[in-house]
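Contents: one structure, followed by commentary.
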There are 4 protein chains.
Amino acid sequence: MEKTNAARRLSFASDYMEGCHPRILQRLAETNMEQSPGYGLDGHSEAARRLIREACQAPDAEIFFLAGGTQANAVTLGALLRPWQCVLAAGSGHISVHEAGAIEAGGHKVAALPHRDGRLAAQDVRRAFRDWQEDANRDHMPMPGLVYLSQPTECGTLYSLAELEALGEVCREAGMLLYVDGARLAYALGCPANDASLADIASIADAFYIGGTKCGALFGEAVVFPRPGTAPRFFTQVKRAGALLAKGRIAGIQFQALFEDGLYARLGRQAVAAANRIRDALCARGFRLAYPSPTNQIFVELSAEERAGLERIADIAFWEKSGEGRAVMRIATSWATRREDVDELLALL
Amino acid sequence: MEKTNAARRLSFASDYMEGCHPRILQRLAETNMEQSPGYGLDGHSEAARRLIREACQAPDAEIFFLAGGTQANAVTLGALLRPWQCVLAAGSGHISVHEAGAIEAGGHKVAALPHRDGRLAAQDVRRAFRDWQEDANRDHMPMPGLVYLSQPTECGTLYSLAELEALGEVCREAGMLLYVDGARLAYALGCPANDASLADIASIADAFYIGGTKCGALFGEAVVFPRPGTAPRFFTQVKRAGALLAKGRIAGIQFQALFEDGLYARLGRQAVAAANRIRDALCARGFRLAYPSPTNQIFVELSAEERAGLERIADIAFWEKSGEGRAVMRIATSWATRREDVDELLALL
Amino acid sequence: MEKTNAARRLSFASDYMEGCHPRILQRLAETNMEQSPGYGLDGHSEAARRLIREACQAPDAEIFFLAGGTQANAVTLGALLRPWQCVLAAGSGHISVHEAGAIEAGGHKVAALPHRDGRLAAQDVRRAFRDWQEDANRDHMPMPGLVYLSQPTECGTLYSLAELEALGEVCREAGMLLYVDGARLAYALGCPANDASLADIASIADAFYIGGTKCGALFGEAVVFPRPGTAPRFFTQVKRAGALLAKGRIAGIQFQALFEDGLYARLGRQAVAAANRIRDALCARGFRLAYPSPTNQIFVELSAEERAGLERIADIAFWEKSGEGRAVMRIATSWATRREDVDELLALL
Amino acid sequence: MEKTNAARRLSFASDYMEGCHPRILQRLAETNMEQSPGYGLDGHSEAARRLIREACQAPDAEIFFLAGGTQANAVTLGALLRPWQCVLAAGSGHISVHEAGAIEAGGHKVAALPHRDGRLAAQDVRRAFRDWQEDANRDHMPMPGLVYLSQPTECGTLYSLAELEALGEVCREAGMLLYVDGARLAYALGCPANDASLADIASIADAFYIGGTKCGALFGEAVVFPRPGTAPRFFTQVKRAGALLAKGRIAGIQFQALFEDGLYARLGRQAVAAANRIRDALCARGFRLAYPSPTNQIFVELSAEERAGLERIADIAFWEKSGEGRAVMRIATSWATRREDVDELLALL
C-alpha cells in the first residue's frame, strides 16, 4: 500500500491512483439512464462476458464480475476448496501477506512455499504435495487442494508459458486445482517478454481473474472459470460473501469497454513501455534492481541519499529495507502514466 | 429481485435499474485523473465523511464506505457480534431472507421475530431477550447481542422516532446493540410522514448504513458508527472480508456529491412524491395495498387480469402470492423516476 | 438441561445423570493396559464398527465415534452441506434451539419448519423445498440441502417407518440429504410402538448417529454413513473440528459392549417399560400429558401445587410454562432407572 | 501419529496407547451410579477445579474440562482471538502442523516463527510483532494477538522459567496473550531439569491446558484461565464448538483423581525417569539424539540397519527422515511404562 500526495508533482507510487480510462467514463455516461436488471443479468455484463470468452478462446467459460482482488480471491478459493483442503502459495503471494487473513477467515490454511522472485516452481509444488501424501500423519493435516499464483507476481516477474504448463501438469497429476490471481494481468499480457496469452491461462488454469481495478477500471475483477461447472452455484456464494453487485452492469460496462477492441492489452503495453524506459535509464545509471521484473513495476534499490533525492521530485513507494540504510523502492507505471511525466523523470534522473 | 426488460417502456420494477445521479458522473469525470492514495484515505472520502458527520450531528462518527448492502450488513454485524451472540431481526428482514445466509456464514444465528408490516416492536424484542435470559438453558443458546432493523423496512413501512427510541431503550437495558439497515434510507428521510432524522438515528443506533446503491449512487453504502471505538480495527475487518475498495475514492466522491447540499434527501423526497401520486391513484381506483407503505415502494394487490393489464404497459415486480390467483406486485419509484413516466402510468390507470 | 441434587432421593430429572452400564466399566478395566494405536484405528473400534454394521444391515457403512451429540451434529452436517446450503429442521429440533448456534458457527442457516409434537411432516418439507425452488429470488437464498430430524424427537415422540420413508422420498426427489439425530435412539428402538429398525434408518437416511451418552455409555455417539463415500475425508474433518479422540478405543470399547449381544436395544426396552409404568399411573390419575410420547421421556402438565408435591419426593425437570401457573415437567427414565425407584414413585403418586 | 501392534511385545511408540491410571478406573466405578447434573456442574468437577486452583496457586482461576488437545487449542484460541488477529507459533507447533487446520477453520492465521528444537525465543516473538507494527501495510495484515507455545515442546524440549518469563514480558508489552499447550505437561513438571512450576505457568500465561489424555487419563484436558474474565461466556463457546461434555463429571472425576495427592506430577516423574534410563543407555552406546529432550520423548537418529534391529524387538515411532537412509525415531515412555519393559529394552540394546 502506498501513501502519496494528490499534488501536481510526479507520481509513480502505485497503479491505482487515478480513476479509470476515459472510454469507461464515457460509456457509463451513455448508458446511465438505461434500465436494466441487477446482479449482472443485464445486457452489458452479458456482452462483456462474450468478449472475454472470445479473448480467452473459452466459449463455455463462466464469468462473474466482482469488485476487488482480495474479494475475488477469497470468494473463488472459498468456492473451490473443500473444508479439509489448504492452498499452496508463494510466501510472497498476496493472499499470504496482504489480505488480512481473508483465506483463513474462510477456514483454509495458506501454506507458504519457497519462491524465486515471487514465482513458484513446479518441482516445489510437487514436493509439497508429495510431502503431504507420504506423511504418515497426512490425515491430520490439511490436504493441498489448490495452487495459487499471481501473473505477474507481486515482484513484477512473469511465469513463462512453459512454467505455467509445468505447474498445470503438477496440479492435474495431484488432483489439485490451479488458480491465477491476475490483479495486474494487463501488465503481463502487455509485456514483450510474455509468452502466455489469455487463452493459454484459460487453458491451463481452473479459475483466474482478469484484474480491472489496477488496469484501467474504476473497480472490478472478472473471475473466469474456463470450464463450466467448476464452481457450482457460484452466484449464490458470491451473494453470501456480500460480493454481489446490485448494479452489476457497472462492472459489466467497464469490462465491455476494456475488451471490445483490445483496449485492455493496449493499456498494458503502454504501461510496460513506460516502465521499460525508466528501467533502462535506471540500469544505465548503474542502479541495482531488486527483482528482474519486466512488467509495470520496477523495484530499485536506493541509498538513503538517492531515495531522498528521488522523492523530492516524485512519489514512489517504499517496498522493503535492504541493509545498510538502503531501501527497495517501487516505481509503478500504469494505464494512466503520461509520456511527459516519464520524460520529466528521466530528465531528472 | 426483479426481472425487467431494458426497453423503452415504462418501468417501475425496482429502484436500482439506472446508473447514478448525473452529478456523480460529472464529479467522477472531473476528478478522474487526480492521483490519490487508496483504501479510502483520500481527500474525497474524507470530505464525504465530514459531510455525513454533519448531517448526522455526530462529530466523532467513524465512517467507512462499502460496496453493497449485504456486504455492509455482514461485515458490520460480524464486527459487532461476539462468537456467542445472535442477531434479533424481523422474519421479513433482508438478512433473514435474501442475503443467502451471509450472517450465518459469519457464524451467527439470525433469530426471526414477529413483525408488523416489517416492523419490530420494542416489546417483542424485550420479550425475546427475557425469554433467553430466563431460560434455564440459556448458556446452551446463542445470546441475543444485536437488534437488526431496516428503515424503511422491506415492506416500505417506517419506524417512528418514538418506536426507534423505544427499541433503543430496550437494547440499552439488555446490553444489546442496535443496528439500522438503511439501504433505502433516502426514501425514509424524504417521506413527509417520517419524523426520525439522520441525527436521530445516529443518536439511537450503535451502527447503521446510509444506502447509496438504491438512492442515486452507482454503488456504495456508508457505514456509520456514531460513537468511535464501537468496532475496533474495523478497517482490517473490512479488508479481511474482501470489502475494502482499492480506489476508495470512487465511493467517497459519490457520497460527497450526495451529501454536499442535501441532494440525498432531495432525491428521496422526489421519489416519495412520485410514489404518492401513484399510490393515491391506486387507492382512488379501489386497489388494496398489501402494506401501509408511505415510502417509495408500493405493494398493491392485483387480480391476474389486472396484473396482466398493468404489465402490458409497465414493468413491475412480482412480490408474493395472495390467494385466489391474486398477487402482490411491487411498484417502485426512485431518484431516477421521471415525472412524465408517472403521468403516463396514471393516464393508463 | 437439568439441575439435580446428587442426593439419595428419587431422581427422574434426566437420562444422563449416572455413569455407564456396568459392563462398559468392566470392559474398560479388562482392556486398560492393552496397547493400541490411537484415533479409532484400534481393534475394539473396528469390532464395534462390525457390530454396528451388522445391526444396521449396512455392510459397507462408514462409522466414526465422536464424543457428544452437538459435536456429532455439527461435524457431520458441516461435512454434508456445501457452503450455499441450509438445513431444514423442526423449530423444536435440538440444533434449532439448544446447541448454542453450532450449525451457524459452521456457516449454515437452520431453517425452522413447523412440526407436530417435534415431528416434521413430509409435505411440509416438500413445501419448504418448493417454496425455495419457485422463488424468483432463490439464488439469493440458501438452498435447502439437508433435512435434520431426531428419532425420538425432543418431545419424546416417534416417527413411524412410513413417515420416515415419506421424508426420505421427499429428500431423494429434491436432491436433499436426510440426517437423523439419534441421541436417544435406544429409547426409540426399545419402544413397543416403534416400527423403524436400525436397518430401516440406515436404509433411509444418508447419515445418522447412534447415541451412547444418553443410552448407557460414559460418552460417545456413533456416526454412521450407511453408503460409503457420502462424506469424503471425514476423518480429517473430524480432526479439524477438534473432535477426534486420541484414545479412540475408549469410545470403541463402549460401543462394542453396547452392541455385542443387543444390550443397546435391551437398555432401551427397560427404560421405556419403566416410563410406561409411570405414564400409565399418571394417566390413570388424570394428569394431562403435553406430548403423546411413547418413549423414555414423559412430559406432564402440573399445577404449581402438584409440582411442588412431586418435587418434594423426586427430582424432575422443568420443561416449559403452560399458562395459569401450570408447568410442563419432564420425567425421564433411562438405562439406569431402578425398578424400586419407579415402585416408590408410583406408591407416592 | 504412531502405528503400533497391540501385541505382547515391547512398545515405546507413543504415550497414549493404554487406557488410564488404575485409580481413575476405580473412581469411575465407585461413583458410577451417583446421580449428578451434567455439563461440568457436578461436585466432582468442582472438586477437581479446587485441586487444580490450589496446584496452580490461582484461587480465582476459571477451569473447563475438554476432551482433547486439538479441541482445547481450537476452542480456547477461538475465544481469545478477535477476528482481526493471528497466532504466533513455532513452525513445529502442534497447531501449525498436526491439527488439520483447526485454528484456520476458526478463521485465524497461524504465523509460523523460527524455533530452536521446538522452542520460541522471546526476541523472535518481539521481532515478529514489531515487523507487523512497523509495516506500512499493517492494517492489511492480521495483527499478532496471541503467542502459542507448548510445554514441553513437540521436540520434547522445555522452556526454562526465565524463557517463559521473557515471553510473557514480550506479550505484555505488545498487548498479546500467551497460551501454553500442556498436552504433556506432566512430563515437563516431572522433569528434574524443569524449573517452571504449574504456579509459574499460571502466573505467566493468560490461558493454558493441563493435558490428561497423554498423562494418565482416558481423555480430558483442563483448560485454565488463571485470571477470571479472560474468556467471557466460555461455557457457551465450548457448547457452540460441540465440545461440552454432557456427563462432564467423567472428566472431573479423572482430574480429581490425578490432582488429589500429586498423582499427576508423580506419573510425570516416573515416565521421565524411565526415559532417562533409556536416553543414558543410548548416549552411552554413541547414538545421536536429534533433539536435546529431557522429557518423556527421546528422538534418536538410527541407520536403516539399527532401526530394523530395534523394531524387531520394540515398537517405536518414525519421526522424520534424516539423510543417507537414516531416520529420527521416537521412543516414548509414559505413566504406563513398566520398569521391566525398560529393563528388557536396555538388555537388548
Restricting the first residue to the range B:228-251 and requiring it to be of a type in the set (Val, Ile, Thr), which pairs with a second residue that is in a helix (DSSP H, G or I) meet a Cβ separation below 8 Å and a spacing of at least six or different chains?
B:THR230/B:LEU80; B:THR236/D:ASP139; B:THR236/D:HIS140; B:VAL238/B:VAL75; B:ILE250/B:LEU28
Scanning the range C:206-219 for residues that are aromatic (Phe, Trp, Tyr) and in a loop (DSSP other than H, G, I, E, B) gives C:PHE219
Given the condition among the hydrophobic types (A, V, I, L, M, F, W, C) and at positive phi, answer yes or no: does some residue in the range B:97-110 qualify?
yes
Please verify whether A:GLN254 is in a helix (DSSP H, G or I) and surrounded by fewer than 21 Cβ atoms within 10 Å (Cβ to Cβ), treating the condition exactly as stated.
no
Sole residue being within 14 Å of chain D (Cβ to nearest Cβ) and among the small types (Gly, Ala, Ser), chosen from C:ALA29, C:ALA55, C:ALA61
C:ALA29
Within the range C:150-161, does at least one residue satisfy the condition of being over 24 Å from C:ASN296 (Cα atoms) and among the charged types (D, E, K, R)?
no
Report whether or not A:ALA222 is over 23 Å from A:GLY182 (Cα atoms), modelled with pLDDT of 95 or more, outside any helix (DSSP H, G or I) and in contact with a helix residue (DSSP H, G or I) (Cβ under 8 Å, 6 or more places away or on another chain).
no
Give the range D:319-349 a look and list any residue that's part of a loop (DSSP other than H, G, I, E, B) and of a type in the set (Val, Ile, Thr), or say none.
D:THR333, D:THR337
Restricting attention to the range B:190-203, does a residue exist that is farther than 23 Å from B:TYR16 by Cα, β-branched (Val, Ile, Thr) and within 15 Å of the chain's Cα centre (by Cα)?
yes
Which ones in the range A:217-241 are among the small types (Gly, Ala, Ser) and over 21 Å from A:ASP15 (Cβ atoms)?
A:GLY229, A:ALA231, A:ALA241
Per the filter on the range B:6-26, residues under 25 Å from A:CYS20 (Cα atoms) and within 10 Å of another protein chain (Cβ to nearest Cβ) are B:TYR16, B:MET17, B:GLU18, B:GLY19, B:CYS20, B:HIS21, B:PRO22, B:ILE24, B:LEU25, B:GLN26
Which one is nearest to the other protein chains (Cβ to nearest Cβ), of the residues in the range D:229-247 that are surrounded by fewer than 24 Cβ atoms within 10 Å (Cβ to Cβ) and among the β-branched types (Val, Ile, Thr)?
D:THR236
Could you go through the range D:215-228 and let me know if any residue there is at positive phi, more than 9 Å from chain C (Cβ to nearest Cβ), surrounded by fewer than 23 Cβ atoms within 10 Å (Cβ to Cβ) and of a type outside the set (D, E, K, R).
no
The range A:5-115: helices (runs of 4 or more DSSP H) wholly inside it with 2 or more residues that are open to solvent by 20 Å² or more (accessible area, probe 1.4 Å) are A:22-30, A:43-56, A:69-80, A:94-97
Can you find even one residue in the range C:238-245 that is at pLDDT 95 or above, in contact with a strand residue (DSSP E or B) (Cβ under 8 Å, 6 or more places away or on another chain) and outside any loop (DSSP other than H, G, I, E, B)?
yes
Here the residues within the range B:288-318 that are surrounded by fewer than 19 Cβ atoms within 10 Å (Cβ to Cβ) and assigned to a loop (DSSP other than H, G, I, E, B) are B:PRO292, B:SER303
If we scan the range D:191-205, do we find a residue that is part of a loop (DSSP other than H, G, I, E, B), touching a Cys at 6+ places or on another chain (Cβ under 8 Å) and either within 14 Å of another protein chain (Cβ to nearest Cβ) or surrounded by fewer than 24 Cβ atoms within 10 Å (Cβ to Cβ) (or both)?
no
Give the range C:118-144 a look and list any residue that's surrounded by 21 or more Cβ atoms within 10 Å (Cβ to Cβ) and not in a helix (DSSP H, G or I), or say none.
C:GLY118, C:ARG119, C:LEU120, C:MET141, C:PRO142, C:MET143, C:PRO144
Under 7 Å by Cβ, and 6 or more places apart or on different chains, what pairs join a residue from the range A:93-116 that is within 7 Å of another protein chain (Cβ to nearest Cβ) with one that is open to solvent by 20 Å² or more (accessible area, probe 1.4 Å) and not in a loop (DSSP other than H, G, I, E, B)?
A:ALA100/B:ARG240; A:GLY101/B:ARG240; A:ALA102/A:ALA74; A:ALA102/B:ARG240; A:ALA105/B:ARG240; A:GLY107/D:ALA105; A:HIS108/A:GLN85
Among the residues that make up the range C:326-333, is at least one of them within 25 Å of C:ALA196 (Cβ to Cβ), of a type outside the set (Lys, Arg), surrounded by 19 or more Cβ atoms within 10 Å (Cβ to Cβ) and touching a Ser or Thr at 6+ places or on another chain (Cβ under 6 Å)?
yes
Could you give every pair whose Cβ atoms fall below 8 Å, whose first residue belongs to the range D:51-76 and is of a type in the set (Phe, Trp, Tyr), and whose second residue is assigned to a helix (DSSP H, G or I), counting only separations of at least 6 or pairs across chains?
D:PHE64/D:PHE234; D:PHE64/D:PHE235; D:PHE64/D:VAL238; D:PHE65/D:SER45; D:PHE65/D:ALA48; D:PHE65/D:ALA251; D:PHE65/D:GLY252; D:PHE65/D:PHE255
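The values are calculated or read from the model by the stated rules, or taken from the named source; none is laboratory data. Here the structure is a predicted model, which is why all the values come from computation and not from measurement. Here Cβ is always computed from backbone atoms with ideal geometry, including for glycine, and neighbour counts include all displayed protein chains. Quick note on the areas: whole protein, heavy atoms, side chains included, nothing else; ligands and nucleic acids left out. Shrake-Rupley method; radii C 1.70, N 1.55, O 1.52, S 1.80 Å.
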